[in-house]
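Derivation of every value follows stated rules applied to the coordinates shown; laboratory data play no part. If you're wondering where the values come from, they're calculated on a predicted model, not measured in any experiment. Glycine also receives a Cβ, built like all others from the backbone with ideal geometry; neighbour counts cover every protein chain displayed.
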């Protein structure tokens with residue numbers, strides 16, 4: 001089941017704000033761009049460019065990132081716009097590997113505190 005659309009980053013102006021004024025952090029499979037949004041909730045987007053591959057590979061990359069994020073989204077601090085951009089290294093990666101690197105990168109950004117995350 002898809003997430004509530006209220007929590008999905010959709011507007012072009014919001015993407016531009018995150019890209020231009022936000023901070024970023026890279027990991028093995030993804031790049032995370034984030035910015036405070038001054039709302040009571042966080043919004044996310046999952047992006048994969050043509051550098052990742054054909055449409056099948058791009059859609060798989062987005063599904064992998066979405067599912068990996070779902071495992072720790074409850075522990076993410078509220079009030080941020082977060083964009084996850086797939087790198088071409090995500091092709092052939094397993095969900096557990098993507099989840100582990102995404103969680104590590106999100107923690108490094110300061111979007112998650114260790115005390116909120118379950119032992120994984």
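Identify which of 105, 93, 45 has the largest mean-square fluctuation in a Gaussian network model of the chain, with springs joining Cα atoms closer than 10 Å.
Sorting by GNM fluctuation, first place goes to 93.
Along the Cα→Cβ direction, 7 angstrom out, place labels at residue 31 and residue 16. What is the inter-label distance in nm?
Result: 1.9 nm between the two label points.
Relative contact order of the chain: what whole-number percent is it, with Cα pairs under 8 angstrom and at least 6 residues apart?
Values: 185 pairs, mean separation 38.3, N = 120.
With pairs under 8 Å counted, the relative contact order is 32 percent.
Helix-only mean residue ellipticity at 222 nm, the chain, DSSP H runs n ≥ 4 weighted -39,500 (n - 2.57), per residue, nearest 500. What is it?
-11000 deg cm²/dmol
In the set [x] 54; [y] 81; [z] 43, which value of percent of Cα pairs over 19 Å apart was calculated from the structure you see?
After the calculation, the listed value that fits is [z].
Efficiency by 1/(1 + (r/R0)^6): what FRET value for residue 91 and residue 24, r their Cβ-Cβ distance, R0 = 30 Å, to the nearest 0.05?
Numbers: r = 21 Å, r/R0 = 0.71.
Plugging the Cβ-Cβ distance into 1/(1 + (r/R0)^6) gives 0.90.
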